[in-house]
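Structure, as structure tokens:
The values are calculated or read from the model by the stated rules, or taken from the named source; none is laboratory data. Bear in mind the structure is a predicted one, so any value in this text is a computation, not a measurement. Cβ sites come from the backbone with ideal geometry, for glycine too, and all protein chains shown count toward neighbours. The accessibility values were calculated without ligands, DNA or RNA, using every heavy atom of the protein model including side chains. Shrake-Rupley method; radii C 1.70, N 1.55, O 1.52, S 1.80 Å.
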Protein chains: 2
Amino acid sequence: MSKLPSKLPPMSAVRVFEAAARHQSFTRAAEELGMTQAAVSYQIKILEDRLGAPLFMRLPRQVTLTAKGRQLAPAVTEAFEALRTAFAGVEETVQSVLSISTLTTFAANWLVPRLGRFQHLHPNIAVQIHVSGQVVDFGQSDFDLGIRSGNGSWPGLEAHLLFPNLFTPVCSPELIRGVTLKEPSDILKFPIISPSDPWWQDWFAAAGVQDFDPSQRPDNNLGTQQFEGMAAMAGQGFALINPYFFPGDLSAGRLVQPFDLLATSERGYWLVYPKARRRSAKIEAFRDWMLSEVADDTEKTSALAQV
Amino acid sequence: MSKLPSKLPPMSAVRVFEAAARHQSFTRAAEELGMTQAAVSYQIKILEDRLGAPLFMRLPRQVTLTAKGRQLAPAVTEAFEALRTAFAGVEETVQSVLSISTLTTFAANWLVPRLGRFQHLHPNIAVQIHVSGQVVDFGQSDFDLGIRSGNGSWPGLEAHLLFPNLFTPVCSPELIRGVTLKEPSDILKFPIISPSDPWWQDWFAAAGVQDFDPSQRPDNNLGTQQFEGMAAMAGQGFALINPYFFPGDLSAGRLVQPFDLLATSERGYWLVYPKARRRSAKIEAFRDWMLSEVADDTEKTSALAQV
DNA sequence: GGCTGCCATAAGGCAGCCTTATGGATTGCC
DNA sequence: GGCAATCCATAAGGCTGCCTTATGGCAGCC
């Protein structure tokens, strides 16, 4: 008894057999598979030669399964049914689940508050957000989209700039009521939220202010712009924030920006995804939605001066 | 919700995926499938592009299934397991079941009595005999071998002559004890079994006997040579038989053949099978066995004169 | 630090697969 | 009874898809 690992015959031939057995017709099977009747005949012959026994009896105007064919057909059809179901399931999730890897700051200050609108536009796409402090590698993980900070050049990735990484001091209107801020150094007279954030140094440097010394101030670092902006709105002092993260608060006057000066880190926030998958419907949907959201923000913040 | 018939991806790629998922390794899968690692990588990429989502995460020195890959793998493996089982089963029957379509006379007088020896030689081959009065069409039925009468020329079929369709009168030695048969016409003095068989006319004609008239005799037609031979051995008269069908009885003296004259129908008994399947082990086994049986018979009946 | 193991990718060739075209065989229809 | 239609087999031919070889990158390991 030779007990070879029972190599399976060519799968393409098996697939043709499955269709032919179901239809009991080569012509019908060819239609279903989108090929010619001759190709079906060819593939069936391949399989029969491989097995060493005929699977169909060729009757005048029809084909019928032989005993071996009948022995084979139900199992094969069942197996293919299982495969069809499995692939349909995966395709379903591929189309309907969108997983995003995003930086914490961006998720909290921008993405999460707006997600409801996307869900409303695309109720059949379930969005899964994975927050991470570090940039995702699409080769080693399984995300559809990523939000990352950088210069927009990543090999193999399509990148859309959402907005530059700008920052400028803001505060509550109450904090400076009755006070006229003439120049940037006037800010030093007020409490500064998260003064140890190095970007403060950058902004003051860009403004020509020399004597800002964070070590002289209480280090109440709040960690994320979300909290810093909230503290500023509560009148606790000046926060250094990216105006793109607070377009509503700025336009509604809950936050005011006393100086047009915007510093930049030369990096920006980018939406990225593998170039190869740019045709994916859900990716297109999310990208388009995101860019339109950004466009709306840009309108609202159009009053802001550029650096 | 588009509800297309969910076309299956290329089966060859699915097969590669199944092996790769099982091994969690492209290299190992390539070994199993007898191809190169590059080919596996290529096929997996095909499938991933088709699905629009990665199935494996490429980690430094290994690959791991993604969520979608894990969703797909068990079902695919199960389906392939079913396919393997089904094909193994068919191959088993292909190798171990030999179906023969044979003429009634041949089955009764020659094949069935000897089958035991073949079974003994090849205990793992199950022989199925289908007796039919008419010749089988290998294109429209499902037999491995056929025994048929004819001139040995059938397109697409391999044919081995088993023996010519000869016939000669025989009887029990007791029937003619003490009698000397000088010429063929002497047979007319004895009872004739199945006198209405037209071959009797042929034989007497070949022997130069004119006055044989079957209508003058009781028509106790027994139908098959098997029964006719048995009747002859029982001393009931002369039977016209093919000596190849009774080699043992002739050599043991249970039947005697008074005249060397053998008439022939110019047809013979042939073993046939589709040329395309001549490599089949079971067909080779049966053919070789059958031809050796025939050779043995020819030795036993070598005393018989040719026409 | 070289070595090994694993995967990706490019280039290139071959064969397998599919198509077109034709023929045979049977059925069904006037 | 002849003609059209249906269905499958087969031959010829072309193209593309698949596989191989070769190379490179990357990480872990002695």
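Need a quick list: helices (runs of 4 or more DSSP H) entirely within the stretch A:214-307 having at least 3 residues that are not assigned by TED's automatic domain parsing to the domain that holds A:Asp197.
Details: elements: A:225-233, A:247-251, A:281-300.
Because the criterion is at least 3 residues that are not assigned by TED's automatic domain parsing to the domain that holds A:Asp197, the helices (runs of 4 or more DSSP H) in the stretch A:214-307 that meet it are A:281-300.
Checking A:Thr36 against (1) away from DNA strand C (no atom under 16 Å from the Cβ); (2) out of contact with any Phe, Trp or Tyr (no Cβ under 8 Å at 6 or more places or on another chain): exactly one of these is not met. Which one?
All conditions pass for A:Thr36, except number (1).
Just checking, does the stretch A:139-155 include any residue being on the phi > 0 side of the Ramachandran plot and at pLDDT below 80?
yes
Just to verify a result, which residue in the stretch A:256-283, among those that are open to solvent by 60 Å² or more (accessible area, probe 1.4 Å) and charged (D, E, K, R), is modelled with the highest pLDDT?
Filtering the stretch A:256-283 for residues that are open to solvent by 60 Å² or more (accessible area, probe 1.4 Å) and charged (D, E, K, R), the one modelled with the highest pLDDT comes out as A:Asp260.
Between residues in the stretch A:60-82 that are within 16 Å of DNA strand C (Cβ to nearest atom) and residues that are among the small types (Gly, Ala, Ser), which pairs lie under 7 Å by C-beta distance while being six or more apart or on different chains?
A:Gln62/A:Ser25; A:Val63/A:Ser25
Exactly one condition in (1) away from DNA strand D (no atom under 15 Å from the Cβ); (2) buried (at least 19 other Cβ atoms within 10 Å of the Cβ); (3) more than 14 Å from A:Ala20 (Cα to Cα) is false for A:Ala53; which is it?
Of (1) away from DNA strand D (no atom under 15 Å from the Cβ); (2) buried (at least 19 other Cβ atoms within 10 Å of the Cβ); (3) more than 14 Å from A:Ala20 (Cα to Cα), only one is false for A:Ala53: (1).
Exactly one of (1) over 30 Å from A:Leu162 (Cα atoms); (2) within 9 Å of another protein chain (Cβ to nearest Cβ); (3) open to solvent by 40 Å² or more (accessible area, probe 1.4 Å) is unmet by A:Gln95. Its number?
(1)
Within the stretch B:105-120, identify whether any single residue is closer than 27 Å to B:Leu162 by Cα and touching a Gly at 6+ places or on another chain (Cβ under 7 Å), and answer yes or no.
no
Please work out if B:Arg15 is within 10 Å of DNA strand D (Cβ to nearest atom), facing another protein chain (nearest Cβ under 9 Å) and open to solvent by 10 Å² or more (accessible area, probe 1.4 Å).
Against the criterion (within 10 Å of DNA strand D (Cβ to nearest atom), facing another protein chain (nearest Cβ under 9 Å) and open to solvent by 10 Å² or more (accessible area, probe 1.4 Å)), B:Arg15 qualifies.
In the stretch A:141-156, is there at least one residue being within 16 Å of DNA strand C (Cβ to nearest atom), outside any helix (DSSP H, G or I), hydroxyl-bearing (Ser, Thr, Tyr) and open to solvent by less than 80 Å² (accessible area, probe 1.4 Å)?
The answer is yes, given that some residue of the stretch A:141-156 is within 16 Å of DNA strand C (Cβ to nearest atom), outside any helix (DSSP H, G or I), hydroxyl-bearing (Ser, Thr, Tyr) and open to solvent by less than 80 Å² (accessible area, probe 1.4 Å).
Pick out the one residue from B:Arg70, B:Arg114, B:Arg58 that is within 8 Å of chain A (Cβ to nearest Cβ) and not in a loop (DSSP other than H, G, I, E, B).
When all the criteria are applied, what remains is B:Arg58.
Select from the stretch A:183-204 the residues that are farther than 15 Å from A:Phe227 by Cβ, among the aliphatic types (A, V, I, L, M) and in contact (Cβ under 8 Å) with a residue 40 or more places away in the chain and list them in ascending order.
Result: A:Ile187, single match.
Looking for whichever is within 8 Å of chain A (Cβ to nearest Cβ) and within 34 Å of the chain's Cα centre (by Cα) here; the options are B:Ala88, B:Ala108. Which one fits?
Step by step, each of B:Ala88, B:Ala108 is checked, and only B:Ala88 is within 8 Å of chain A (Cβ to nearest Cβ) and within 34 Å of the chain's Cα centre (by Cα).
State whether one or more residues within the stretch A:23-37 are within 25 Å of B:Thr85 (Cα to Cα), assigned by TED's automatic domain parsing to the domain that holds A:Ala79 and touching an Asp or Glu at 6+ places or on another chain (Cβ under 8 Å).
yes
Which of (1) open to solvent by less than 80 Å² (accessible area, probe 1.4 Å); (2) over 30 Å from B:Asp137 (Cβ atoms) does A:Ala75 not meet, given it meets every other one?
Failing condition for A:Ala75: (2).
Out of all the residues in the stretch A:23-46, is one or more crowded, with 21+ Cβ neighbours inside 10 Å, in a helix (DSSP H, G or I), modelled with pLDDT of 90 or more and facing chain B (nearest Cβ under 7 Å)?
No: the stretch A:23-46 contains no residue that is crowded, with 21+ Cβ neighbours inside 10 Å, in a helix (DSSP H, G or I), modelled with pLDDT of 90 or more and facing chain B (nearest Cβ under 7 Å).
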